[in-house]
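This report refers to the structure that appears directly beneath it.
The values are calculated or read from the model by the stated rules, or taken from the named source; none is laboratory data. Keep in mind it's a predicted model, so treat the numbers as computed, not measured. All Cβ positions, glycine included, derive from the backbone under ideal geometry; neighbour counts span all protein chains shown.
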Amino acid sequence: MKALPKAGDERPLIEAAQQDPARFGELYELNFERVYAYALKRVANRAEAEDLTAEVFHQALANLKRFEWRGIPFAAWLFRIAANLISDRWQRSGREVSDDAHINSAQASPAEIEDVERRATLFRLVDMLPAEQRHVVVLRFVEQKSIKEVARQIRKTEGAVKQLQFRALSSLRARMEGANA
């Protein structure tokens, strides 16, 4: 898997692709394996993962002009698109009842379906956090940086980072409980 560029390194690539869609290929190359792996872990088979990955990049390209730089890795946006697509597919498949339904218990258990829906909800809720809290959550849990690394990157004390993380997680927990009620 290609090394994930630092969030700041991605910005020129994103802006170039927003100006010239032909430049989107660079973002595609940097993120394809990561998005495919994400999809493969969450869907029934390789063919579905390939279709989902293609759809993620199609939607990303179609909506790239609306992408706003917030200092968060581009891959996080792609994962959110993927989670939304997975959630939409499960909701559609739940409504589509036919004799030739291809979803069976071997492919996805109710617990797995619930997990996908919970993750999609979580992605949406993270996006609703205040900017500083969202940035800390992404750095800590997407980029898996230590408190010390995050503090250095956002130029705050370790205590401030811990407080931002605590507030973000508390808010997410409360909103998730509200969403599940």
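Summary of computed values
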{"quantity": "Helices (runs of 4 or more DSSP H) within the stretch 119-181 that include 2 or more residues over 20 Å from residue 71 (Cα atoms) and aliphatic (A, V, I, L, M)", "calculated": "158-180"}
{"quantity": "Scan of the stretch 30-75 for residues that are of a type in the set (Phe, Trp, Tyr) and either surrounded by fewer than 16 Cβ atoms within 10 Å (Cβ to Cβ) or not assigned by TED's automatic domain parsing to the domain that holds residue 119 (or both), ordered by number", "calculated": "67, 69"}
{"quantity": "Any pair with Cβ under 6 angstrom, 6 or more apart, that starts in the stretch 65-78 at a residue that is of a type in the set (D, E, K, R) and ends at one that is assigned to a helix (DSSP H, G or I)", "calculated": "65/18"}
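A quick yes/no check of all residues on (1) under 18 Å from the mean Cα position of the chain (by Cα); (2) modelled with pLDDT under 70:
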site	(1), (2)
94	no, yes
124	yes, no
131	yes, no
140	yes, no
160	no, no
166	no, no
170	no, no
